[in-house]
Amino acid sequence: MISRTSSAKSVVKRRLKTIDAAPPEHAANRSDRDYLALALALAARGQGNVWPNPAVGCVVERDGIVVGRGWTQPGGRPHAETMALQQAGNRAAGATAYVSLEPCAHHGQTPPCAEALIAAGIARVVIAAPDPDTRVDGRGAEMLHAAGLQVDWADAGIAAAAEALNAGFLSKVNRNRPLVTLKLASTLDGRIATAGGESQWITGPEARARGHLMRAEHDAILVGIGTALADDPELTCRLPGLAARSPVRVVLDSRLRLPEGGRLARGAGAHPLWLLTGPGQNSQALQDRGAEILPLPLGADGGIDLAAAMTCLAGRGITRLLVEGGSAVTTAFLSAGLVDNLAWFRAPGVIGGDGLPVFGDLDLTALANMPRFKSETIESLGDDVLESYVHQA
């Protein structure tokens, strides 16, 4: 908690005391965690739809009644606090605002949310997690505190949940690359296709629908040119009502071989298409279709340098990247140490040793160097299962 005489920024850095240690005037209020949980649930509505900004939720509570709710809107504006305060109106005076991420303190395309909370007459602000963006980084809490508002911080459990929700934004800020989720669909023996290349469909309709929902929750989706040529995919979200939530489509195409008549190029006018290609490559025909061509350095294998690709995507605002490539792309990402999460769909079938494997050679000579992941959840989807893993550093 931030006392009225302490430094707000130092409290951000150390994340002192928790909500449970609230002052006497709030001792009877045992709902802080509930309001924060609601703020996080609201924030989750923006995932995949608010980049380059974080997905934030805000709840305004007065006398035990929620008088305002808001979350970051498509494209990143208006911010969650603005939406919640607009709904609360004059009932915000003397109320408590619960926010999933520290309110911004800088002037951008919109005024600082900290200023908006102050101007609305909010008496207390409870923050789930600090914002490490150098333009904020404690300044939001400090601005609120300096204006006489009481500022409290969530306990470690809520803070961890808030940081997990915005892991992509935090990755962009702290590591200059998006959070990478590798999506895989295989048989029980880890095969993604028959020896002849047949792969549609290994998993059933429930699993495929779940995969489309994942697309809606990510800012961008990436495949290699091999997958683009073999499957002629659209890479959109084809769930009812969620077509507008389709991610930016990204193709690793070092020699710019993507056909202008394929589905990706034909759909570039409706859904953004970014082609990461090698130096000096260009195609006016693809540009005329609406594709953006982004030249990048090549790696030692002649393919796009993946570290440079991630920096490029982060620089353009991408926070959450879903990789759906074939064996070559998945192996390259894993070898480069760029996989944060695994979303592994498994079908209850076996293809055998002549089938195409999920991963190619990793050139491991010792088990100690094996990439390791921690199991998070297992979800049943018809006859298939979705196993979710988080990389262990």
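The values are calculated or read from the model by the stated rules, or taken from the named source; none is laboratory data. What you see is a predicted model; the values in this text were computed from it and never measured. When we count neighbours, we look across all protein chains shown, and the Cβ atoms used for this are built from the backbone with ideal geometry, even at glycine. Remember, those area values only see protein heavy atoms, side chains included, never the ligands or the DNA or RNA. Shrake-Rupley method; radii C 1.70, N 1.55, O 1.52, S 1.80 Å.
Take the eigenvalues of the Cα gyration tensor for the range 216-308, scale each by 5, and report the square roots as semi-axes in whole Å, largest first.
Values for the range 216-308, descending: 22, 15, 11 Å.
How many nm is it between the label spots at residue 292 and residue 90, if each spot is 7 Å from the Cα in line with the beta carbon?
4.5
As a test of reading the structure, rank 79, 218, 391 by solvent-accessible area (1.4 Å probe, protein chains only), most first.
On the way: 79 40, 218 10, 391 80 Å².
The residues order as 391, 79, 218, largest area first.
Need one number: % antiparallel among DSSP beta bridges in the range 42-162, to the nearest 5.
Working: 10 of 18 bridges.
Taking every DSSP beta bridge with both residues in the range 42-162, the antiparallel ones total about 55 percent.
Which of 70, 105, 187 sits closest to the plus end of the dipole of the chain, meaning its Cα is farthest towards the positive end, when Lys and Arg get +1 and Asp and Glu get -1 on the C-beta?
Toward the positive end, the furthest listed residue is 105.
Taking every DSSP beta bridge that has both residues in the chain, what percent is antiparallel when rounded to the nearest 5?
Expressed as a percentage, antiparallel bridges in the chain total about 45.
Per-residue counts of other Cβ atoms within 10 Å, averaged by peptide: what ranking do you get for 158-166, 121-129, highest first?
121-129, 158-166
Between 204, 190, 241, which gets the highest mean-square fluctuation from a Gaussian network model of the chain, Cα cutoff 10 Å?
241
Give me the distance between the Cα centres of the range 26-81 and the range 147-180, rounded to whole Å.
A separation of 13 Å, based on Cα centres.
Keeping every protein chain in place, order 153, 201, 71, 344 by accessible area at 1.4 Å, biggest value first, i.e. largest first. Spell out each step's value before the answer.
Numbers: 153 5, 201 160, 71 70, 344 35 Å².
Reading off the accessible areas and sorting them downward yields 201, 71, 344, 153.
Let me know the charge dipole size of the range 77-201 about its Cα centre in debye, to the nearest 20, where only the beta-carbon of Lys, Arg (+1) and Asp, Glu (-1) is charged.
Roughly 280 debye for the range 77-201.
By how many nm would the segment from residue 380 to residue 238 lengthen if fully extended, with 0.36 nm per residue of separation less the alpha-carbon distance?
This chain segment gains 49.0 nm when fully extended.
Between residue 260 and residue 135, with labels modelled 7 Å along Cα→Cβ, what's the label distance in nm to one decimal, could you check?
Calculated label separation equals 3.8 nm.
Can you send over the solvent-accessible area of residue 252, 1.4 Å probe, protein chains only, in Å² to the nearest 10?
Per-residue accessible area (residue 252): approximately 20 Å².
Tell me what the chain gives for mean residue ellipticity at 222 nm when only DSSP H runs of n ≥ 4 count, each as -39,500 (n - 2.57), the sum divided by the residue total, rounded to 500 deg cm²/dmol.
Here the helix-only value at 222 nm equals -8000 deg cm²/dmol.
Counting only C-alpha contacts under 8 Å and six or more residues apart, can you give the relative contact order of the chain as a whole percent?
15
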